[in-house]
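Scroll down for the structure; my scribbles are underneath it.
The values are calculated or read from the model by the stated rules, or taken from the named source; none is laboratory data. For clarity, every value in this text was computed on a predicted model and none was experimentally measured. Reconstructed Cβ throughout: ideal geometry from the backbone, glycine too, with neighbour counts over all protein chains shown.
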Amino acid sequence: MADVTASDGALRRFLHGLPGVDAVGLQVRAATLGTRSIKTTAKAYAIDLAISMIDLTTLEGADTPGKVRALCAKGAHPDPTDRTVPKVAAICVYGDMVATAKEALASASGSDIHVAAVATAFPSGRAAMPVKLADTRDAVAAGADEIDMVIDRGAFLSGRYLDVFEEIKQVKEACARPDGGAAHLKVIFETGELQTYDNVRRASWLAMLAGADFIKTSTGKVAVNATPPVTLLMLEAVRDFRAATGVQVGVKPAGGIRTSKDAIKYLVMVNETLGEEWLTADWFRFGASSLLNDLLMQRQKLRTGHYSGPDYMTVD
Amino acid sequence: MSDRSERLSVLKTYKLFVGGKFPRSESGRVYEVTDAKDRWLANAPQASRKDARDAVVAARKAFGGWSGATAYNRGQILYRVAEMLEGRREQFVREVADAEGLSKSKAGAQVDAAVDRWVWYAGWSDKVAQIAGSANPVAGPYFNLSSPEPTGVVAVLAPQDSSFLGLVSVIAPAIVTGNTTVVVGSEDRPLPALSLGEVLATSDLPGGVVNVLSGRTAEIAAPLASHQDVNAFDLTGAAPELAAELEAAAAENLKRVVRPQAVDWTADPGTRRMLSFLETKTVWHPMGV
């Protein structure tokens, strides 16, 4: 596949040569997969799996070190009354909070939880390239295990695909650590701004060609965030990319997933589209904050038999 | 109908009232409702435990806004409900007459009493603090003031016999003080309760303050009693054995429970029901000596 990224023209020809998306078919398929009934033991499994896949996120201008520490404690022990609850996969914060998060996780016996940092002028992505790279290097140097970058939607929508491709490649290089390892790179498309399903498919292929480890739907900062059809489309792109190149890429829907029911729908979609191989926190993540409380409430319901309430959950 | 036989009859689909919307039961079930002489009246939705759960979520969501509204505003809205009821008087007279086997005039008296009851409780909204609150003498330079606050989400089993007057007499005292409610209508006579939902939806009452369910009382009441996010339970419509079971389940998170007792719904209700769903908040305020 190396030749398709050789020039702007070749890349455009390739991306525009991808088959068009059957929008109605996609929506119907996503809706159909959403009707599966997951109960009892399967539900318990799905809830624990979903908890272990959460990138517990706080991306507010008002974030304080105290809030990040509280979030880390919660990620390490989501339900203090029940130690059988799995840990979350990662804590997702702004770059300047990475060191705080690292430290807090270590002291909360959660050092196996990753720290993900958003970078490259998140959420708009409107900054000069050197600034974006510095942003990324800064987060990696502070100890981030994962970098969530945003693509330049302006360049993508105006058809400058090679610019976006180069951007991702450079950020990927900036993810390298001096010890030879590298932070995992998640590429955020902000699908709510990409206008069409065709664009989502093109963006998925573009990011995967450029070396993304994960592709992620949204920043959570715009009106339309992760939706089942868009996520299904990205799952299909990941499946097709592996068939074409043998490289496995992860998927992370983010924003607007608040209930256990929604989360389980996504898990069904992953299982039906990609199979069990992707049903781990290494290959599928939820970018969420309030989802965790709902999952914990459902878990308590399964354990005790009666409905729980927000009074029994932390406020974060 | 006979004189207008050319017209197709337009039957009403009775629906639940949850969060200001009119959903069917999540379970898709309905059950037949008959009049006092066992003739079919309508199909009513048969709510499941999941409908109860959804109703509690809606009630919890509405609690902040409703309890935070000024007492004056709540009173105005309750009075508005009475106005809307008055406009639908004919419909309620017919439904009450069918449900309870009453003559038109007796049913009319029930509906009038229900509207009056609503107005009576509306007046209490900005007065209840005077009788439930106090300025306490304390040994120190403090103003010590106790004021009543709403308990939270109140689940209400409406009386089985009095399908409308009794219903109004249990809903109004719970919401006038700022609580939000999940109401289970009379099992055999749910139609006036479901129609009341339509009145509440057009009375400026925020969605979720009153949620009306119909179906098998025992089935819906059990999950409400054990629900950790319900703060109080009015067992008025529960049979003695069921009431004991529910009270035991409600003890799990220390719900306030009002036990069922024989009530003459036409009599002066007094303040008991309002005061049952209040918590007392006491503040100490230093005096500038």
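Worth pointing out:
- The set of residues in the stretch B:229-249 being more than 14 Å from every other protein chain (Cβ to nearest Cβ) and small (Gly, Ala, Ser) consists of B:237, B:238, B:239, B:243, B:244.
- Taking each residue of the stretch B:123-142 that is more than 15 Å from residue B:279 (Cα to Cα) and looking for partners that are in a loop (DSSP other than H, G, I, E, B) with beta-carbon atoms closer than 7 Å, six or more apart or interchain, yields B:141/B:287; B:141/B:289; B:142/B:287.
This table checks each residue for (1) surrounded by fewer than 17 Cβ atoms within 10 Å (Cβ to Cβ); (2) modelled with pLDDT of 95 or more.
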| site | (1), (2) |
| --- | --- |
| A:130 | yes, yes |
| A:133 | no, yes |
| A:138 | yes, yes |
| A:151 | no, yes |
| A:157 | yes, yes |
| A:167 | no, yes |
| A:178 | yes, no |
| A:187 | no, yes |
| A:196 | yes, yes |
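- Helices (runs of 4 or more DSSP H) completely within the stretch A:79-192 that count 1 or more residues being under 30 Å from residue A:11 (Cβ atoms) and in contact with a helix residue (DSSP H, G or I) (Cβ under 9 Å, 6 or more places away or on another chain): A:129-141, A:153-157, A:161-174
- Residues of the stretch A:26-68 satisfying the condition of being within 23 Å of residue A:237 (Cβ to Cβ) and in a helix (DSSP H, G or I): A:26, A:27, A:28, A:29, A:30, A:31, A:32, A:33, A:49, A:50
- Qualifying residue in the stretch B:63-79 (condition: within 14 Å of chain A (Cβ to nearest Cβ), modelled with pLDDT of 95 or more, in contact with a Pro (Cβ under 9 Å, 6 or more places away or on another chain) and assigned to a helix (DSSP H, G or I)): yes
- Residue within the stretch B:82-90 that is modelled with pLDDT of 95 or more and outside any helix (DSSP H, G or I) present: yes
- Looking only at the stretch B:103-114, and only at residues there that are free of Cβ contacts under 8 Å to residues at least 12 places away in the same chain and among the small types (Gly, Ala, Ser), the one that is surrounded by the most Cβ atoms within 10 Å (Cβ to Cβ): B:109
- So residue A:202, is it outside any loop (DSSP other than H, G, I, E, B), more than 14 Å from chain B (Cβ to nearest Cβ) and touching a His at 6+ places or on another chain (Cβ under 8 Å): yes
- Considering the conditions (1) assigned to a helix (DSSP H, G or I); (2) within 14 Å of chain A (Cβ to nearest Cβ); (3) in contact with an Asp or Glu (Cβ under 9 Å, 6 or more places away or on another chain), residue B:252 is excluded by exactly one of them, (3).
- Filtered residues of the stretch A:251-285 (kept if outside any helix (DSSP H, G or I), without any contact (Cβ under 8 Å) to a residue 60 or more places away in the chain and buried (at least 18 other Cβ atoms within 10 Å of the Cβ)): A:251, A:253, A:255, A:256, A:257, A:274, A:283
- Extreme residue, farthest from residue B:222 (Cα to Cα), among residues of the stretch A:286-313 that are facing chain B (nearest Cβ under 8 Å) and outside any helix (DSSP H, G or I): A:309
- Single residue of B:193, B:243, B:267 found to be buried (at least 24 other Cβ atoms within 10 Å of the Cβ), among the aliphatic types (A, V, I, L, M) and free of Cβ contacts under 8 Å to residues at least 60 places away in the same chain: B:193
- Residues being within 14 Å of another protein chain (Cβ to nearest Cβ), within 21 Å of residue A:302 (Cα to Cα) and outside any helix (DSSP H, G or I) are represented in the stretch B:217-228 by at least one member.
- Residue within the stretch B:115-136 that is touching a strand residue (DSSP E or B) at 6+ places or on another chain (Cβ under 7 Å), exposed (fewer than 14 other Cβ atoms within 10 Å of the Cβ), at negative phi and not in a helix (DSSP H, G or I) present: yes
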